[in-house]
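Colleague: The structure that follows is given in the form of structure tokens.
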Amino acid sequence: MLSHISRMLTGIEIHPAARIGRRLVIDHGDGVVIGETAEIGDDVLMYHQVTLGGTSLAGGKRHPTIGDKVILGAGAKILGPIVVGEGARVGANAVVLSDVPPGQTVVGIPARPVDRKPAGADVLPYGTPCDEALDPGVRALEALRTELAELRARLAALEAERRRAPAGDD
Ligand SMILES: CC(C)(COP(=O)(O)OP(=O)(O)OC[C@H]1O[C@@H](n2cnc3c(N)ncnc32)[C@H](O)[C@@H]1OP(=O)(O)O)[C@@H](O)C(=O)NCCC(=O)NCCS
């Protein structure tokens with residue numbers, strides 16, 4: 001009853017038996033369907049029209065398992081008892097029919113991997129780094145921080161090399 005009432009109020013249908021982790025965010029909400037045997041980890045972000053659906057009426061596990069920190073773009077359909085690994089990103093309107101490795105970005109129908117690694121913060125609004133939204137000063141500082149880290153790594157490597165070199169090699 002609670003599930004039906006909240007569906008009427010929000011347009012989000014969550015089967016009462018679905019297992020949901022902590023801090024799930026459903027942005028916009030309308031049209032989301034989360035099936036009976038779906039499992040969702042912690043810190044998952046999903047947008048409107050996402051379906052965690054089944055592909056058969058057979059008993060047992062028939063809905064997906066979504067890992068921690070996964071981002072599911074608007075309209076994404078994740079179908080069957082598949083696993084979307086931790087930190088993966090599913091593009092808007094993708095249809096995912098097989099497992100997605102941790103950290104992988106997938107797009108399209110059927111979903112295919114793209115070579116993008118999510119960078120920066122743990123939770124990315126819209127699934128993208130959104131660099132342009134950052135203050136230019138913050139961006140400049142980030143660039144300097146990255147360069148400093150690279151220089152430190154190179155210095156450490158040079159010092160290690162120098163220590164390893166036989167005496168008198170200078
Ligand atoms: C999948 C996603 C996370 C990738 O973001 P990204 O890391 O910035 O990657 P890019 O935009 O550089 O795209 C990488 C490739 O995937 C393609 N692509 C990106 N999103 C796609 C999508 N939803 N469907 C099909 N192809 C997509 C791009 O065209 C690009 O292809 P190319 O390598 O052939 O040029 C992002 O595009 C996305 O769909 N986010 C969800 C946003 C959303 O739902 N917003 C709703 C807010 S209300």
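Colleague: Which shape class applies to the stretch 1-50: rounded if a/c is under 1.5, otherwise prolate when a/b exceeds b/c and oblate if not, where a ≥ b ≥ c are the square roots of the Cα gyration tensor eigenvalues?
Modeller: Numbers: a/c = 1.87, a/b = 1.17, b/c = 1.59.
Verdict is oblate for the stretch 1-50.
Colleague: For the chain, what is the calculated [θ] at 222 nm in deg cm²/dmol (nearest 500), taking -39500 (n - 2.57) for each run of four or more DSSP H residues and dividing by its residue count?
Modeller: Numbers: 2 runs with 38 residues, N = 170.
Taking each H run of at least 4 residues, the total per residue is -7500 deg cm²/dmol.
Colleague: Still on this structure, please answer the following. Which cross-chain or sequence-distant (5 or more) residues have an amide H under 5 Å from the amide H of Arg62, H modelled 1.01 Å from N in plane?
Modeller: The list, which skips near neighbours in sequence, is Thr37.
Colleague: Using θ = phi - 60° and the Karplus curve 6.51 cos²θ - 1.76 cosθ + 1.60, what whole-Hz ³J(HN,Hα) does each residue of the stretch 57-62 get, with Gly and Pro shown as x?
Modeller: 9, 4, x, x, 5, 9
Colleague: Continuing with this model, one more query. Tilt of helix 136-164 relative to the longest C-alpha principal axis of the chain, in degrees (0 to 90, nearest 10)?
Modeller: Relative to the chain, helix 136-164 is tipped by roughly 50 degrees.
Colleague: Shifting gears a bit: For the stretch 1-58 and the stretch 90-115, what is the centre-to-centre distance using only Cα atoms, to the nearest Å?
Modeller: If you average the Cα positions of each part, the centres end up 19 Å apart.
Colleague: Counting only residues 5 or more places away or on other chains, whose amide H sits under 5 Å from the amide H of Glu13 once H atoms are built in the peptide plane?
Modeller: Residues meeting the amide H criterion: Val32, Val33, Ile34.
Colleague: Let me ask something additional. Ordered by residue, what ³J(HN,Hα) values in Hz, to whole numbers, does the stretch 92-105 give under the Karplus form 6.51 cos²θ - 1.76 cosθ + 1.60, where θ = phi - 60° and Gly and Pro are x?
Modeller: Going residue by residue, I get 4, 6, 5, 10, 9, 10, 9, 4, 10, x, x, x, 7, 9 Hz, with x marking Gly and Pro.
Colleague: For the stretch 72-89, in order, what is each residue's ³J(HN,Hα) by Karplus, 6.51 cos²θ - 1.76 cosθ + 1.60 with θ = phi - 60°, in whole Hz (x at glycine and Pro)?
Modeller: 10, x, 3, x, 5, 10, 10, 10, x, x, 9, 10, 9, x, 3, x, 6, 10
Colleague: Can you list residues whose amide H is under 5 Å from Gly103's amide H, if they're 5+ apart or on another chain and H is modeled 1.01 Å from N?
Modeller: Result for Gly103 returns Glu86, Gly87, Ala88.
Colleague: So for Tyr126, Tyr47, what's the accessible-area order with a 1.4 Å probe, most first?
Modeller: Numbers: Tyr126 155, Tyr47 15 Å².
Ranked from most to least accessible, the order is Tyr126, Tyr47.
Colleague: With the cut-off at 1.5 for a/c, could you classify the chain from its C-alpha gyration tensor as rounded, prolate or oblate? List each step's numbers first, then the result.
Modeller: Values: a/c = 3.19, a/b = 2.23, b/c = 1.43.
Prolate is the answer for the chain, as a/c is 1.5 or above and a/b outweighs b/c.
The values are calculated or read from the model by the stated rules, or taken from the named source; none is laboratory data. This structure is a prediction, so every number in the text was calculated from the model and none was measured. Note: areas computed on protein heavy atoms with side chains; ligands, DNA, RNA excluded. Shrake-Rupley method; radii C 1.70, N 1.55, O 1.52, S 1.80 Å.
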